[in-house]
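What follows is a set of notes on a single structure, which appears directly below.
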Amino acid sequence: MGRNREFDVDQALDAALCVFWRKGYEGTSYTDLTQATGVERPALYSAFGNKEALFRQVLARYYEDYLDFIPVALELPTSREVAAHILLRTAELNTRYPDRKGCLGVHGALAGSDDAEPIRLALINARADGEASLRNRFERAKQEGDLPETTNCAVLTAFVLAVLHGMAVQAKAGFSRDMLESVAEQALSTWPTGSSTLSGKSS
């Protein structure tokens with residue numbers, strides 16, 4: 001199997017993604033990867049580079065294939081709808097697969113050795129990009145009157161992300177989708193309301 005990449009690269013990448021999602025970056029060995037992908041180690045090296053390079057490709061696929069609901073959410077009419085869509089879809093994703101609950105990105109950045117520091121930083125940077133997009137969306141909502149003028153959009157964004165990350169940890173610990181959705185609804189119950197939202201409700 002090892003010669004001339006006699007395997008499906010996309011299938012191998014998907015298999016590696018599942019292993020990293022289940023076991024984390026440092027918890028995943030090359031034996032885990034070769035067993036999951038059915039590809040010998042030299043061929044994996046040839047196709048993807050080292051473990052770090054493979055994980056970076058896995059992370060890109062995870063964002064593209066599993067977190068595609070976030071760009072969709074950012075286009076919704078109100079800030080509350082944006083937050084609700086992200087929180088509820090996260091609850092579903094974090095509990096979708098019994099063998100790999102939680103979030104690949106969150107768990108990968110929680111702890112690690114010095115050798116894994118580049119991966120931890122890559123995960124932090126990837127989340128920072130998402131944080132900036134969400135903060136910009138809330139800033140727009142504030143300008144449109146959907147959020148109060150006193151809203152600190154950086155803090156509101158941090159609040160949403162803190163709930164998201166907590167949900168990922170609790171999903172890994174065994175929380176059900178129903179419980180995570182209840183957590184999301186609790187977070188949304190205190191969502192700030194601007195003048196344009198109030199006028200929209202009254203009309």
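The values are calculated or read from the model by the stated rules, or taken from the named source; none is laboratory data. Keep in mind that what you see is a predicted model, and the values were worked out from it rather than measured. With ideal geometry, Cβ positions are generated from the backbone for all residues, glycine too; neighbour counts draw on all protein chains shown. Areas reflect the complete protein model, heavy atoms only, side chains present, ligands, DNA and RNA absent. Shrake-Rupley method; radii C 1.70, N 1.55, O 1.52, S 1.80 Å.
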Percent of accessible area on the chain owned by carbon and sulfur, 1.4 Å probe? 51 percent
With a point put 7 Å past each Cα toward its Cβ, work out how far Gln11 is from Tyr30 in nm, to one decimal. 2.3 nm
With equal scatterers on the alpha carbons only and no solvent term, can you work out the Debye log10 of I(q)/I(0) for region 1-87 at 0.20, 0.24 1/Å? -0.84, -1.09
If packing is taken as the average number of other Cβ atoms within 10 Å across a peptide's residues, how do 75-82, 189-196 rank, most packed first? 75-82, 189-196
For Glu40, solvent-accessible area (1.4 Å; no DNA, RNA or ligand), Å²: 100 Å²
Using the Karplus curve 6.51 cos²θ - 1.76 cosθ + 1.60 with θ = phi - 60°, work out ³J(HN,Hα) for each residue of region 130-135 in order, rounded to whole Hz, and write x for Gly and Pro. x, 4, 5, 5, 5, 4
Radius of gyration, Dmax [the chain; alpha carbons; angstrom]: 19.5, 68
Of Leu164, Gly49, Leu67, whose Cα points farthest to the positive end of the dipole of the chain (charges on the beta-carbon: +1 Lys, Arg; -1 Asp, Glu; origin at the Cα centre)? Leu164
Relative contact order of region 59-189 (C-alpha contacts under 8 Å, at least 6 apart) in percent is 33 percent
Leu121 to Tyr63: extension gain in nm, 0.36 nm per residue of separation minus the Cα-Cα distance? 19.3 nm
